[in-house]
Amino acid sequence: MNLTLKIWRQPDAVSAGAMHTYELADVSPDMSFLEMLDVLNEQLNDQGEDPIAFDSDCREGICGMCGLMINGDAHGPEVTTTCQLHMRSFSDGETITIEPWRSDAFPVVKDLVVDRGAFDRIIQAGGYVSVNTGSAPEAHSVPVPKDDADRAFNVATCIGCGACVAACPNGSASLFMGAKVTHLGLLPQGQPERDERVVNMVAQHDHEGFGGCTNIGACTAACPKEIPLDVISQLNKDLRTAIKHGH
Amino acid sequence: MSHSHDMDMPDTVTSTEASPTGALDGEYDDAMGYYTPGEPLVDTKAPQGPIADRWQNRKFEARLVNPANRRKLSIIIVGTGLAGASAAATLGEAGYNVKTFCYQDSPRRAHSIAAQGGINAAKNYKEDGDSVHRLFYDTVKGGDYRSRESNVYRLAEVSTNIIDQCVAQGVPFAREYGGLLDNRSFGGVQVSRTFYARGQTGQQLLIGAYQALERQISAGTVSMFTRHEMLELIVADGKARGIIARDMVTGEVQTHLADVVVLASGGYGNVFYLSTNAMGSNVTAAWRAHRKGAYMANPCYTQIHPTCIPVSGSHQSKLTLMSESLRNDGRIWVPKNQADCDKDPREIAEEDRDYYLERIYPSFGNLVPRDIASRAAKNVCDEGRGVGPEVDGVRRGVYLDFADAIDRLGRDAVANKYGNLFDMYARITGEDPYSVPMRIYPAVHYVMGGLWVDYDLQSTIPGLFVTGEANFSDHGANRLGASALMQGLADGYFVLPHTIRDYLADGPFEPIGEDHPAVVEARTSVTDRIQHFLSVNGTRSVDSYHRELGNIMWEYCGMERTETGLKKAIDLIRGLRDDFYRNVKVLGTSESLNQSLEKAGRVADFFELGELMCIDALNRRESCGGHFRGESQTEDGEALRHDDEFAYVAAWEWAGLDERPVLHKEDLVYTAIEMKQRSYK
Ligand SMILES: Cc1cc2nc3c(=O)[nH]c(=O)nc-3n(C[C@H](O)[C@H](O)[C@H](O)COP(=O)(O)OP(=O)(O)OC[C@H]3O[C@@H](n4cnc5c(N)ncnc54)[C@H](O)[C@@H]3O)c2cc1C
Ligand code: SF4
Ligand code: FES
């Protein structure tokens, strides 16, 4: 198929960016979206034009490195990551708009690449269990009810891609944060630091410039791992409890 | 047949043991003219004595570092996968001054994240006869008696601590209804010792290690450099003292100095261009160290996985693994007649189908070990009976058919077992595996080879330690399923932190400045190389060279290797490498994010590695583990090992570009286990 691509180009963090239009012919429906961009880049390289920068690494939907706004949707039209989206989801003659994640807390580095360091800093603020290597008790000394373990796993599958933020009109990272708070809060190992964790993570979130949550739900709709919206209720509940406890 | 208890091979697979086969002529030296024989190599760090005491003894003998001095000792760790993140967190907790590097935008994205199946540990929670000794035995045997027994024993020994540590971090492993941890059995192993978190074990383990690392970053013991690529090692006065890294965003070339350097930079499967590795997986960190004096061990040992989704066109950028458990219920076949290859498979009559694994290996059928299944698939495709789209004139795919399983078990039961895999397949191929047979093809998955290390995980350069997939140490010629995750975490949490202190006890070493000749040399070599790539202004993209190199490697140094093929590959690689330096086209500047420039450096190193892999494969005129030499097989086409000649680690020393590498042999001596040749027929 033949496509018209409108792509955000920005040479670096400080320069202004603009949309550029490219025509791409003979796109196979079996290509992944990123392979389609590889082919475009090969073409640009041949023509002496700087290839378009975009992030990806695993290309199997698990590392969270990829992420593009495709026709205004984070990760495009399917519930999956950008790297797992295939061209058969588009049709011949279509015009596709491709932009980087849009959020003040994720500044553009170049073209479609953004800086998501803020996510790491939120985890640094408390998204862990404080246990030094070698000091762990025997694994079977603390049984965990299967339902809790399963639910902890489900929310722990967040890949840190940032689509939730990009999709949110407020630019909130509540889904990402709620997933971590819920994961650790469901396990006995996460209890001792539970209050502190949520308070510190939320403070860091706000400090990074992410917006507040107004329960729109665009995050969960865009989330490739289908992290449910109720992790945000859990986040708020944990925050209220922590405040009640005097944090 | 050698090996291989591989992952997801069910425990119904049994094997018979045959005695080692007779001596080989002894006159052969296929690699003559390609290498220079060197002095034998001995690991001087492994203690003697009963195998079960060695690690305790080594830990005791390794000198301690006073807590007050630790802050003054600086450690550079390249890589934040399981091997790097676990080491960085642990050494940070101990109070050392740690700097960590990764090329992605966050340490959490290292390719360990993609591991699916699970992690082994000798917990014996199932009371099914597992023990440290059995895990040790299975690993040495699975590695086809080409690994070092002391290291493997230690790996099995510390495996149990890993599970405790991960659970304490909040890793949500699968559990049983009683709330205890669940285990499954993998790879023909008769015991259930694999811990897992659905099909995302690597992700959950890495997030545990990443969180421990982030905790140390916030505590100020570890500094993290994301989007920084190590491009050179600094070796001053005989010791590894730092690295040259490029800030991939600003292009700044930086010098980082330390008392010791750890490489945890992962595997080099991307030398084949297409593999299940991540796009950025590379050999650069390890290769630059190799060029500075670190020996490269057994580079030709590659693991090829039979159940990956086939290539769909020349645009293909990577390959995706599907769990091998699919072979428990799927039947593998191709058409008997070439003329049927482009037909709808459902219209090919039963008698026109060749269930070739069931035909050639009646007792194991579709469950033959990984390498047998892989090689057989390649053979039928080479015969022109492959299926699926034609890519570069050949159809590379075989059917994996669930029609019988659906008839027998019902669609729901099949969906229950394999639903998520079927969904993934459907998303990638656009075909519905419930109604049309899946297509699969083998892909490069893991490399057992890597930088040579002693028992302390120290390379031949003092002060350079290597952990995880980047070293060669534990898996011999073939890795068991679910053992790479175990090794990465064993190295990082429990081994390196003890062995590195013995080295650091002599530190801090005399400070060196940016004007030290070794630093200047390393920086200049990095900037010269960058300038070269940007100034060639040729006609071909980096990717096009990488793809061509990958084709050569896959064709001649892939599933089956022969003397003629390997020699041809070496010529082809040399020619292509020359052309690359003269004709590559890298646009843009070095002062900003430049992904073509990053790739150019990686591909340049893959050329040199690829050549060494071929020389290593040429030298090893035996079939063992993942290395199959066409010249060394039984009449039935089974792999034939030659213990009398090749029971050694091949450790290669760099001698200069276009110079013959020097081969140092480390003899493998087994005291706690007896060498046996396996047979699966
Ligand atoms: C699809 C797939 C499935 C697998 N499934 C399993 C399984 O079920 N069980 C199992 O045991 N094993 C499995 N394996 C193997 C296992 O995942 C890997 O061997 C292991 O995770 C490697 O860990 P590592 O820490 O050594 O390297 P990696 O996780 O690859 O980390 C490498 C790190 O080094 C950094 N790095 C690399 N080069 C540079 C450089 N030049 N400069 C700076 N940083 C650099 C990277 O940024 C990264 O942080 C699987 C592998 C794959 C590909
Ligand atoms: S919650 Fe979902 S969308 Fe947000 S970072 Fe995690 S995986 Fe991505
Ligand atoms: S590239 Fe890893 S999730 Fe898309």
### Query
Is region B:367-378 home to any residue that is surrounded by fewer than 20 Cβ atoms within 10 Å (Cβ to Cβ), on the phi < 0 side of the Ramachandran plot and in a loop (DSSP other than H, G, I, E, B)?
no
### Query
Going through region B:99-118 one residue at a time, which ones are more than 6 Å from ligand 1 (Cβ to nearest atom) and assigned to a strand (DSSP E or B)?
B:Lys99, B:Thr100
### Message
Can you list residue pairs whose Cβ atoms sit under 6 Å apart, with the first residue in region A:206-229 being away from chain B (no Cβ under 14 Å) and the second being within 10 Å of ligand 2 (Cβ to nearest atom) and polar (S, T, N, Q)? Count only pairs 6 or more apart in sequence or on different chains.
### Response
A:Cys213/A:Ser174; A:Leu229/A:Thr220
### Query
more than 10 Å from every other protein chain (Cβ to nearest Cβ) and on the phi > 0 side of the Ramachandran plot, is that true of A:Gly72?
yes
### Query
Which of the residues that make up region A:149-170 are surrounded by 24 or more Cβ atoms within 10 Å (Cβ to Cβ), in a helix (DSSP H, G or I) and either under 11 Å from the mean Cα position of the chain (by Cα) or of a type in the set (Asp, Glu) (or both)?
A:Ala163, A:Cys164, A:Val165, A:Ala166, A:Ala167
### Query
Just one of the numbered conditions (1) facing chain B (nearest Cβ under 7 Å); (2) in contact (Cβ under 8 Å) with a residue 24 or more places away in the chain; (3) within 14 Å of ligand 2 (Cβ to nearest atom); (4) touching a strand residue (DSSP E or B) at 6+ places or on another chain (Cβ under 9 Å) is not true of A:Ile62; which one?
(4)
### Message
Under 9 Å between Cβ atoms, which residue pairs at least 6 apart in sequence (or on different chains) link something in region A:36-57 that is closer than 24 Å to B:Arg108 by Cβ and without any contact (Cβ under 8 Å) to a residue 60 or more places away in the chain with a partner that is within 16 Å of ligand 3 (Cβ to nearest atom) and of a type in the set (Lys, Arg)?
### Response
A:Asp57/B:Arg109
### Query
Has region A:14-24 got at least one residue that is touching a residue at least 24 places away in the same chain (Cβ under 8 Å), in the same structural domain as A:Thr82 (by TED's automatic domain parsing), farther than 24 Å from B:Asp247 by Cβ and within 14 Å of ligand 3 (Cβ to nearest atom)?
no
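Run down B:Thr460, B:Thr467 and say which single residue is crowded, with 24+ Cβ neighbours inside 10 Å and in contact (Cβ under 8 Å) with a residue 24 or more places away in the chain. Working first, answer last.
Details: B:Thr460 fails: crowded, with 24+ Cβ neighbours inside 10 Å.
On inspection, the qualifying residue turns out to be B:Thr467.
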### Message
It is to be established whether one or more residues within region B:498-517 are free of Cβ contacts under 8 Å to residues at least 40 places away in the same chain and among the aliphatic types (A, V, I, L, M).
### Response
no
### Message
Looking at the structure I just gave you, is A:Leu44 assigned to a helix (DSSP H, G or I), in contact with a strand residue (DSSP E or B) (Cβ under 6 Å, 6 or more places away or on another chain) and surrounded by fewer than 22 Cβ atoms within 10 Å (Cβ to Cβ)?
### Response
no
### Query
Does at least one position in region B:316-335 carry a residue that is among the aliphatic types (A, V, I, L, M), more than 13 Å from ligand 1 (Cβ to nearest atom), more than 23 Å from the chain's Cα centre (by Cα) and more than 28 Å from B:Ala569 (Cβ to Cβ)?
yes
### Task
Could you tell me whether B:Arg408 is in contact with a Pro (Cβ under 7 Å, 6 or more places away or on another chain), of a type in the set (Lys, Arg) and either buried (at least 24 other Cβ atoms within 10 Å of the Cβ) or more than 20 Å from B:Thr284 (Cβ to Cβ) (or both)?
no
### Query
Got at least one residue in region B:332-340 being closer than 30 Å to B:Gly202 by Cα and modelled with pLDDT of 95 or more?
yes
### Task
State the number of residues belonging to region B:221-245 that are out of contact with any Gly (no Cβ under 9 Å at 6 or more places or on another chain), in a loop (DSSP other than H, G, I, E, B) and more than 9 Å from chain A (Cβ to nearest Cβ).
1
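What residue, among those in region A:186-203 that are at the interface with another protein chain (Cβ under 10 Å from one of its Cβ atoms) and not polar (S, T, N, Q), is farthest from the chain's Cα centre (by Cα)?
For region A:186-203, the residue satisfying everything is A:Pro188.
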### Summary
Within region B:246-294, the residues that are charged (D, E, K, R), within 14 Å of chain A (Cβ to nearest Cβ) and assigned to a loop (DSSP other than H, G, I, E, B) are B:Glu252
### Message
Suppose we filter B:Leu609, B:Leu576, B:Leu597, B:Leu657 for residues that are assigned to a loop (DSSP other than H, G, I, E, B) and within 30 Å of B:Arg246 (Cα to Cα); which single one remains?
### Response
B:Leu657
### Query
What do you reckon, is A:Asp26 part of a loop (DSSP other than H, G, I, E, B) and out of contact with any Leu (no Cβ under 6 Å at 6 or more places or on another chain)?
yes
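Table: residues versus (1) away from ligand 2 (no atom under 16 Å from the Cβ); (2) part of a strand (DSSP E or B); (3) within 14 Å of chain B (Cβ to nearest Cβ).
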position: A:Glu49; (1), (2), (3): yes, no, yes
position: A:Ser56; (1), (2), (3): no, no, yes
position: A:Cys66; (1), (2), (3): no, no, yes
position: A:Cys83; (1), (2), (3): no, no, yes
position: A:Thr97; (1), (2), (3): yes, yes, no
position: A:Trp101; (1), (2), (3): no, no, yes
position: A:Asp104; (1), (2), (3): yes, no, no
position: A:Val109; (1), (2), (3): yes, yes, yes
### Query
Any idea which residue in region B:144-202 is farthest from A:Val131 (Cα to Cα), counting only those that are within 11 Å of another protein chain (Cβ to nearest Cβ), part of a helix (DSSP H, G or I) and not polar (S, T, N, Q)?
B:Gly202
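Suppose we filter region B:93-113 for residues that are of a type in the set (Gly, Ala, Ser) and either surrounded by fewer than 24 Cβ atoms within 10 Å (Cβ to Cβ) or more than 10 Å from chain A (Cβ to nearest Cβ) (or both); how many remain?
3
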#### Entry: Hits in region B:147-166 - residues which are in contact with a helix residue (DSSP H, G or I) (Cβ under 8 Å, 6 or more places away or on another chain) and among the basic types (Lys, Arg)
B:Arg154
### Message
Checking B:Gln211 against (1) facing chain A (nearest Cβ under 8 Å); (2) closer than 30 Å to B:Leu640 by Cβ, only one condition comes out false. Which one?
### Response
(2)
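The values are calculated or read from the model by the stated rules, or taken from the named source; none is laboratory data. Keep in mind that this is a model prediction, so the values were computed, not measured. Positions of Cβ are backbone-derived with ideal geometry, glycine not excepted, and every protein chain shown enters the neighbour counts.
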